[in-house]
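Participant: Supplied in structure tokens, the structure appears directly below.
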Amino acid sequence: MMGLMGCPLRRLALLLIFSLTLLLPSFSQGEGVKGKVTSVLRDTIKLDIGSDEGIQLGDIGKVFYLIQVGDKEKPIFIAKVTITQVQEKVATARIKEKTGEVKVGFLVEVEAKGGHLWVQTEPVGATVFINGRSVGISPYEEGGASPGSYRIRIIKEGHEAWEEEVTVKLGKKVEVLAQLKKTADGTSAVVWRESVTGIEFVWLHAGCFEMGSPSNEKGRFQDEGPIHEVCLDGFWIGKHEVTNRQYRKFRAEHDSKSYQGHSLNGDDQPVVNISWEDAKAFAEWLTKQYGGRNVFRLPREGEWEFACRGGTKTSRYWGDDSQEACKHENVADQTAKRLWSHFIVHNCDDSHTVTTTVGKFPPNPFGLHDMLGNVMEWCEDAYNQDAYSKPQQKNPLYTEDGPFRVSRGGSWYYEPSNGRCAYRHSDFRATDRTPGQGFRLVMQP
Ligand SMILES: [Ca+2]
Ligand SMILES: [Ca+2]
């Protein structure tokens, strides 16, 4: 875990009585007078503190607000400064923002208005996110952080993601040390396991890809073109399809049922017989469990296809030949055909009749399992067959009114043409529940 250390909170309140007699003849220095501004040179000022209560070594990097003259309601200047050097009684500060002209004279008040956040990691060189925004590479320092709570998440390839919520207080230094654990399987994927349901999320870096399929792709449908470039911000996506066990943390009574006597309801089988609305409700519920600090939702079509391809350009993340599918995914196969002769199947045998335990088949290049096969996965988008003729390049989402929602990736139930990364299933309404339909979640950074 981490170490959280803070210096003793010390509020500096010093008084400046510069021009005191002119402005406030009746004002007395009082206890707060601690020193003076001894020089001002462009954006650098020197503060002669002259007291043990003055600015100390530990204040380097901190941000303070200086308010000149005794009347706080009508100060001559207010400057936001960062302490850059402390030598015995004299501190040097850099002016960051100011109102009015900073002058040499007695200090009215020096007040710490910010805190100091210092994020260190072992090993260094990890990406630091603060409140969902990537802020830099560790070690990372932020002087003058506004008081409040900060959600810090740290990721580094080959290591488990790390996160903690810290509170920055006025004038206090918060030091965060994240000791990153190497991933157990030695892969380079960054995985974060959320604790309410146990879903594991894999971090996908921002990137661009060619969305859609070429006109000569076998089994292709018209709505998969034209191919167009899509660029995405980084996001987290479920390593697996959501399982019955995970879904039942939300709705304990949920029953995924069975298909012709074959159970779909095992704890580690993917949840099915849930509508798009059910999947959305699960995401909203999980978001609420984190008080909104982590936001979960369905993948957008573009995110889903980017995740499925894993950097590949073939129709499947493992190649093109549908007869090879049974080594890589749970598809409609010869096992199913023997029971249900009307199935249109892949010409191979994966030995699973219906859904199987998630993660039984090898991952794609991004470390994601069952992106193709097992269950078809709901996406956030409304289905629009012409979506690609008016493409959105950045983080696309199609939300037009209409009853149908996109689902992706084929399943144990569907013919080979459906089991391609570019395939867009259009038949299901937001309220439909079927035995081949499940989902995985995305978590926003
Ligand atoms: Ca199968
Ligand atoms: Ca799937």
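Throughout, read-outs are computed from the coordinates displayed, never taken from laboratory work. Treat the numbers as computed from the prediction; the structure is a model and nothing was measured. Virtual Cβ from ideal backbone geometry, glycine too; neighbours counted across all protein chains shown.
Participant: Count charges around His342 for me, please; just the other residues with Cβ under 15 Å from its Cβ, Lys/Arg as +1, Asp/Glu as -1.
Facilitator: Computed value for this residue: 0.
Participant: Can you sort Asp268, Asp223 by how many other beta carbons sit within 10 Å, fewest first?
Facilitator: Result, fewest neighbours first: Asp268, Asp223.
Participant: Modelling each spin label as a point 7 Å along the Cα-to-Cβ direction, I'd like the Val196/Arg433 distance in nm, to one decimal.
Facilitator: Going from the Val196 label point to the Arg433 one covers 2.1 nm.
Participant: Within the set of other residues whose C-beta is less than 9 Å from the C-beta of Asp278, count the net charge using Lys and Arg as +1 and Asp and Glu as -1.
Facilitator: Summing Lys/Arg as +1 and Asp/Glu as -1 gives +2.
Participant: A follow-up question, please. If you take the square roots of the eigenvalues of the alpha-carbon gyration tensor of region 115-182 and sort them as a ≥ b ≥ c, do you get rounded (a/c under 1.5), prolate (a/b over b/c) or oblate?
Facilitator: prolate
Participant: Can you give the relative contact order of region 200-443 as a percent, counting alpha carbon pairs under 8 Å and 6+ residues apart?
Facilitator: Relative contact order for region 200-443 comes out at 28 percent.
Participant: How about region 224-299: which chymotrypsin sites (Phe, Trp or Tyr not before Pro) there lie in a loop by DSSP and see at most 16 other Cβ atoms within 10 Å?
Facilitator: Tyr290
Participant: Quick one: net charge around Leu204, please, counting Lys, Arg +1 and Asp, Glu -1 for every other residue with C-beta under 13 Å from its C-beta.
Facilitator: Here the count lands on 0.
Participant: Could you put Cys421, Cys326 in order, starting from the residue whose Cβ has the fewest other Cβ atoms within 10 Å?
Facilitator: Ranking Cys421, Cys326 by Cβ neighbours within 10 Å, fewest first, gives Cys326, Cys421.
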